[in-house]
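Take a look at the structure set out below.
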Amino acid sequence: EDKVNFLDQYTKLTGGDLLEAVSIWEDCLAITVVSSDGTKLNPYHVSSLADLKEIGQNETTLSKYYVLTSDITVSDNWIPIGEGQPIGLKGGLSGRYEFFYVKNNTIKEYRYKIKNLNYTNSDSLLKNFGLFTKIERGGLVEDLELVYSYVNATFNYYEVNNSMNFGGLAGENEG
């Protein structure tokens, strides 16, 4: 009965066209969404390093909202999301993923991390370094933990005078 009531309410909120499958696992109602639209209420799911890198493909992808659905480990020298694009993150990224438990009508939160976000500068220098090159005004990163991450950078006079910015989340943050 709780499952049916929840689904009725969810259908009213979403118009019902987003549901692909509903399954119960340990009294957990898991909803799989067919077509996430990248909005705050229906963010795209990021479950792999490739998914994470796709956020920075272009201005459109940088303007959408995303949620991590698993821990992500970076294995290479990181190139910040948005590098080479005219804008930074205008949408959002959350490390919090929620499940609704039918048995006791509670929500279980899972908090996912990005691990080993490492950068060592080389001949090709970046202006802004972090998870993102820049977070624009209105851009949002929430409930996200960066672990085992470092920046190893050597500066010379030219680099310092041409404004290189380093940060964990973003080289430049207006969000």
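The values are calculated or read from the model by the stated rules, or taken from the named source; none is laboratory data. Worth saying up front: this structure is predicted, and the values here are computed from it rather than measured. Cβ sites come from the backbone with ideal geometry, for glycine too, and all protein chains shown count toward neighbours. With ligands, DNA and RNA removed, areas are computed over all heavy atoms of the protein, side chains included. Shrake-Rupley method; radii C 1.70, N 1.55, O 1.52, S 1.80 Å.
Which of the following residues is more than 16 Å from G171 (Cβ to Cβ) and at pLDDT 85 or above: S48, S36? That would be S48, the only listed residue that is more than 16 Å from G171 (Cβ to Cβ) and at pLDDT 85 or above. Scanning the range 151-174 for residues that are more than 25 Å from T73 (Cα to Cα) and at pLDDT 70 or above, we see that the one that is least open to solvent (accessible area, probe 1.4 Å) is M164. Cβ-Cβ distances below 6 Å connect no pair with a first residue in the range 39-55 that is of a type in the set (V, I, T), a second residue that is modelled with pLDDT under 90 and surrounded by 15 or more Cβ atoms within 10 Å (Cβ to Cβ), and a separation of six or more residues or different chains.
Out of T61, T11, report the one residue that is over 14 Å from L93 (Cβ atoms), modelled with pLDDT of 50 or more and surrounded by 12 or more Cβ atoms within 10 Å (Cβ to Cβ). The match here is T11. Per the conditions (1) modelled with pLDDT of 90 or more; (2) open to solvent by 50 Å² or more (accessible area, probe 1.4 Å); (3) closer than 28 Å to G38 by Cα, the sole criterion not satisfied by Y148 is (3). If only residues of the range 86-144 that are modelled with pLDDT of 80 or more, in a loop (DSSP other than H, G, I, E, B) and of a type in the set (K, R) are counted, the one that is nearest to L62 (Cα to Cα) is K90.
Residues of the range 35-64 that are more than 24 Å from K127 (Cβ to Cβ) and part of a loop (DSSP other than H, G, I, E, B): S35, S36, D37, G38, T39, K40, L41, N42, P43, S47, S48. One residue stands out in the range 65-81 among those that are assigned to a loop (DSSP other than H, G, I, E, B) and open to solvent by 60 Å² or more (accessible area, probe 1.4 Å): the one that is modelled with the highest pLDDT, namely D71.
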